[in-house]
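Nothing in this text is a laboratory measurement; each read-out follows from the coordinates by a stated rule. All of these numbers come straight from a predicted model, not from anything done at the bench. Cβ sites come from the backbone with ideal geometry, for glycine too, and all protein chains shown count toward neighbours.
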Amino acid sequence: MGIKSLDELRKIRENSIKKIDLRNQGNEGDNIEILIGMATCGIASGAREILNTLAEEVSKKNIKNVKIVPVGCIGYCHSEPIIQVNIPGQKPVIYGKVDKDRAIEIFNSHIIKGKAIKKYTLDIDFERAKQL
Amino acid sequence: MTVYRTNILVCGGTGCVSSASLDVYNKFKKLITSAGYDKEVKIIKTGCFGFCEQGPIVKIEPDNVFYVKVNKKDAEEIVNEHIIKGRIVKRLLYKEPNSKRIIEKHQNMPFYKKQFRIALRNCGLINPEDIYEYIAVGGYEALGRVITKMNRDEIVDIIKKSGLRGRGGGGFPTGIKWEITKNNHSDKKYIICNADEGDPGAFMDRSILEGDPHNVLEAMAIGGYTIGADKGLIYIRAEYPLAIERLDIAIKQARELGLLGNNILGTDFNFDIEIKLGAGAFVCGEETALINSAEGKRGEPNYKPPYPAQEGLWGKPTCVNNVETFANIPAIILNGYEWFSSIGTEKSKGTKVFALAGKINNVGLVEVPMGTTFREIIYDIGGGIQGNRKFKAVQTGGPSGGVITEENLDTPIDYDSLSSIGSMMGSGGMIVMDDTTCMVDVAKFYLEFTQDESCGRCTPCRIGTKRMFEILTKITDGKGTKEDLKNLEQLSYMIKDGSLCGLGQTAPNPVLSTMKFFKDEYLQHVVNKVCPTGRCKGLAKYKIDPEKCVGCTACAKVCPVECISGKLKETHVIDQNRCIKCGACFEACRFNAVIKPK
Ligand SMILES: Cc1cc2nc3c(=O)[nH]c(=O)nc-3n(C[C@H](O)[C@H](O)[C@H](O)COP(=O)(O)O)c2cc1C
């Protein structure tokens, strides 16, 4: 359905904000999000396999509150595949050079037990311009 | 809303939490509450400051003071001294390991965030295939405001005052380009997004389109509204299938929501976008060649004027902008031109995205404010040179640019500073080279590229770049003369002056710039017939190690050109002028005395 006015666009924004709240700073609720870098650099270094692996883990363990979101490149191409784990109330954690084994390890430790695996994390050092 | 006079930020990152930052956080809470300051001072658990070795980290704002290795007792001291009495606790400040210099302000710390992302602001944050996520981060708000509340002159004014210049290489002020196209009256106008990105080693535009396609669509609609175009075209190389697919999805979604099409957001503004695939020729990134190609003609440039703003696609006024240029537009509309023009240098505003490649540790994309230095990009953000080798040069501007050497590492990067040191901003490729890179070989690489990509329309570029490539090949084969160097230089100026378009006009730059900064290396090749880095195989030399040679004569016996001399039981010598580098001596020697070139 077409958006008929700026006000209508703003209403849609209000309703959509929940979708991405988690990515900035932990909101309430218990939905966990895994972002995965799916730009050319990510895919070329194996992100598709990681996406499939994570999706398999989610369905194998029958977890209902995890959503996997493909995103673009954050510029750290040297460390692809990259995933970001967003858990409500916590600062997002970014992992680099995630291979299949690491993906499963991270899933079991961070998603299931809530324990981040520090040795695989990436320090990122940039600030994003705010839009609104 | 309560306004706090001071914020105490306690790092809640994994690293700091493991060093007991939560205890420190709780301690602060208790101390501040019992001191009765809880209405004035807020305690915030933050994300990682990226300095985990020094945790727990505590930052006091707005004072911008940064304390390291804070324990529960230190928290008491910080509250009593800093918060209550306003005195900085020197003891807890960070000391630079080498100089032992005490650093107070966060900005001065070596790991301070150097990147600021405007064009890449949503990349890696939102799902590029979901328009609702883009809307959630404020997407299409700028378009909405523009078409419902602003007139075209106002927008031109904002873009002009923002100081935004074209990111496709030329650096032409975007506001002026929009104004000119707007003022050229016609029944039909077009706006084109240049996504050809043919510069080897560059992938900024691809990443923007893959990570945040709606940003570019929104900006094109804003541009279309401003100049009076109802049709947009994205010219993108077919080698970017993922970007094309995501653009395709984005355009479909925007049409479904009525953000492209007729009567956008209930106004009388109509705008739609079409994708045009290019075959990947470098010259098709040049705007007039692009337009020819988009019309189905050969991808060859035209003489300018007329400029596309006068006579572009199908002879109509056309505004051509680069992907990254567009990616800045919505943020400028929403945050204001004052915000944008406060970032960067006097004549180059905002940020620039660079694709870091070559012998650098952190290969990837960076976006930094204009005015950042090469040293900051290469060492602080890029993590330095691979294998800790020595930095030799960095090429900016791709095949149209030149090399920047050690002496210019501290140059603040902007359009003008780069031109003044013989390179150019270009589209943003940055290829880092270490001491194993041969500069003649680099120049040859770029000339091989340009002579191949030359469209052939004008003679200086078609034949000139070919001759330059041949001379460079001769030099790297070890057959060059000093005369060749002179010819190279002369040809360079002839091609620069005589070529029709930017491709030829800039093609000799890599040669001129490497000849300027590495003259000695060229001379070594032509005079001494040596490639100092050992890269040029044609100059490779077989040698005999006098320490190991026992004078058995085995090598001399197998040499097909009889260029090895020496008496029995005495050291043998290879006559380099006659050696054909067949390697027979190397195979024959049983004492490892023959040294094979690298
Ligand atoms: C040989 C050649 C290649 C070019 N390739 C590109 C390109 O890939 N992308 C691009 O945006 N501009 C390219 N340009 C510059 C365009 O002609 C034009 O100036 C630019 O798209 C204008 O957009 P801007 O003002 O936003 O930078 C190229 C120019 C030349 C001479």
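Using R0 = 30 Å, the C-beta based FRET efficiency linking residue B:459 and residue B:540 works out to 0.25. Straight-line cross-link reach from residue B:39 at under 16 Å between alpha-carbon atoms covers these aspartates and glutamates, not counting any fewer than eight positions away in the same chain: B:61. Comparing Cα centroids, the range B:151-192 and the range B:549-598 end up 69 angstrom apart. Scalar couplings 3J(HN,Hα) for the range B:470-476, obtained by applying the Karplus form with A = 6.51, B = -1.76, C = 1.60 to θ = phi - 60°, are 5, 5, 5, 5, 4, 5, 6 Hz; x denotes Gly and Pro. By the beta carbon rule, with partners counted only under 4.7 Å, chain A holds these lone Cys residues: A:73.
Could you work out [θ]222 nm for the protein assembly as shown from helices alone, using -39500 (n - 2.57) per DSSP H run of at least four and dividing by all its residues? Round to the nearest 500 deg cm²/dmol. Before the final figure, lay out each step's value.
Values: 26 runs with 256 residues, N = 730.
Roughly -10000 deg cm²/dmol at 222 nm, from the helical runs in the protein assembly as shown.
Rounded, prolate or oblate for the range B:131-340? Axes are the square roots of the Cα gyration tensor eigenvalues, ordered a ≥ b ≥ c, and the cut-off for rounded is a/c under 1.5. Cα axes put the range B:131-340 in the rounded bin. Once backbone amide H atoms are built at 1.01 Å from N, residue B:192 has B:233, B:319, B:320, B:321 as its partners under 5 Å, excluding neighbours fewer than 5 places away on the same chain. Counted residue by residue at 0.36 nm each, then reduced by the alpha carbon distance between them, the extension gain from residue B:591 to residue B:161 reaches 147.4 nm.
Assign one of three labels to chain A, namely rounded, prolate or oblate, based on the Cα gyration tensor with a ≥ b ≥ c the square roots of its eigenvalues; rounded applies when a/c is under 1.5, prolate when it is not and a/b is larger than b/c, and oblate otherwise. List each step's numbers first, then the result.
Details: a/c = 1.74, a/b = 1.49, b/c = 1.17.
It is prolate, given that a/c is not under 1.5 and a/b is the larger ratio.
The relative contact order of chain B comes to 10 percent, based on Cα pairs under 8 Å that sit 6 or more residues apart.
For the residue pairs B:496/B:529; B:541/B:569; B:548/B:581; B:42/B:149; A:18/A:91, alpha carbon separations beyond 27 Å are given by B:496/B:529; B:42/B:149.
Taking a point 7 Å out from the Cα of residue B:248 in the direction of its Cβ, the residues of the range B:276-310 whose backbone N falls within less than 14 Å of it are B:276-278.
Go through B:350-359, B:204-213, B:321-330, B:450-459 and give me the packing order, highest mean Cβ count within 10 Å leading.
Values: B:350-359: 24.6, B:204-213: 28.9, B:321-330: 27.3, B:450-459: 18.8.
Per-residue mean Cβ counts within 10 Å order the peptides as B:204-213, B:321-330, B:350-359, B:450-459.
Label-to-label distance, residue B:420 versus residue A:97, with points set 7 angstrom from Cα along the beta-carbon direction: 4.1 nm. As a test, work out the antiparallel percent of DSSP beta bridges whose residues both lie in chain B, rounded to the nearest 5. Bridges in chain B that DSSP calls antiparallel: roughly 55 percent. Using only Cα atoms, tell me the angle between helix B:439-453 and the longest principal axis of chain B; keep it within 0 to 90° and round to the nearest 10. With both axes taken from Cα atoms, the answer is about 80 degrees. At full extension, residue B:73 and residue B:93 could sit 5.7 nm farther apart than now, given 0.36 nm per residue minus the alpha carbon distance. Sequence-distant contacts, meaning Cα pairs under 8 Å at least 6 residues apart, place the relative contact order of the range B:383-437 at 47 percent. Working from label points 7 Å from Cα in the Cα-to-Cβ sense, the residue B:406 to residue B:277 distance is 4.9 nm. In terms of packing, defined here as the mean over residues of other Cβ atoms within 10 angstrom, the peptides B:516-529, B:419-432 line up highest first as B:419-432, B:516-529. Shielding of peptide B:136-148 by partners, expressed as the average count of other chain Cβ atoms within 10 Å per residue Cβ, is 5.
Provide a whole-number value for the mean count of partner chain Cβ atoms within 10 Å of the Cβ atoms in peptide B:114-124.
Numbers: counts 3, 6, 4, 6, 3, 1, 7, 6, 6, 8, 19.
Mean inter-chain Cβ contacts per residue within 10 Å come to 6.
Seen against the Cα atoms of chain A and their longest principal axis, helix A:6-24 is set at about 20 degrees.
Per-residue mean of other chain beta-carbon atoms within 10 angstrom of the beta-carbon, peptide A:114-126? Before the final figure, lay out each step's value.
Working: counts 0, 1, 5, 1, 6, 0, 0, 5, 1, 8, 6, 11, 12.
That works out to 4 on average.
Backbone amide hydrogens, once placed in the peptide plane, bring residue B:43 within less than 5 Å of B:8, excluding anything fewer than 5 places away on its chain. For the range B:198-256 and the range A:50-75, write down the distance between their C-alpha centroids in whole Å. If you average the Cα positions of each part, the centres end up 27 Å apart. Computed from backbone phi with θ = phi - 60° and the Karplus coefficients 6.51, -1.76 and 1.60, the 3J(HN,Hα) list for the range B:190-206 is 10, 10, 10, 9, 8, 10, 6, 6, x, 5, x, x, 9, 8, 5, 5, 4 Hz; x is used for glycine and proline. In order along the range B:545-556, the Karplus-derived 3J(HN,Hα) couplings, from 6.51 cos²θ - 1.76 cosθ + 1.60 at θ = phi - 60°, round to 7, x, 5, 9, 5, 9, x, 7, 6, 4, 5, 4 Hz, and Gly and Pro are given as x.
Compared with the dominant principal axis of the Cα atoms in chain B, helix B:213-227 is inclined by about 80°.
Each residue, residue B:81 and residue B:30, gets one label point 7 Å from its Cα in the Cβ direction; the gap between the two is 2.1 nm.
Would you please give the FRET efficiency between residue B:490 and residue B:268, computed as 1/(1 + (r/R0)^6) with r the Cβ-Cβ distance and R0 = 60 Å, to the nearest 0.05?
Step by step, r from the Cβ atoms, then E = 0.50.
Once the C-beta distance of residue B:23 and residue A:15 is scaled by a Förster radius of 60 Å, the resulting FRET efficiency is 0.90 to the nearest 0.05. For the range A:67-109, the residues whose backbone nitrogen is under 15 Å from a point 7 Å from the Cα of residue A:44, taken along Cα to Cβ, are A:73-82. Taking a ≥ b ≥ c as the square roots of the Cα gyration tensor eigenvalues, the protein assembly as shown comes out oblate, since a/c reaches at least 1.5 and a/b does not exceed b/c. Around the amide H of residue B:273, modelled in the peptide plane, lie the amide H atoms of B:232, all under 5 Å away and 5 or more residues distant in sequence or on another chain. With Cα atoms defining each centre, the range B:460-514 and the range A:88-114 are spaced 53 Å apart in the structure.
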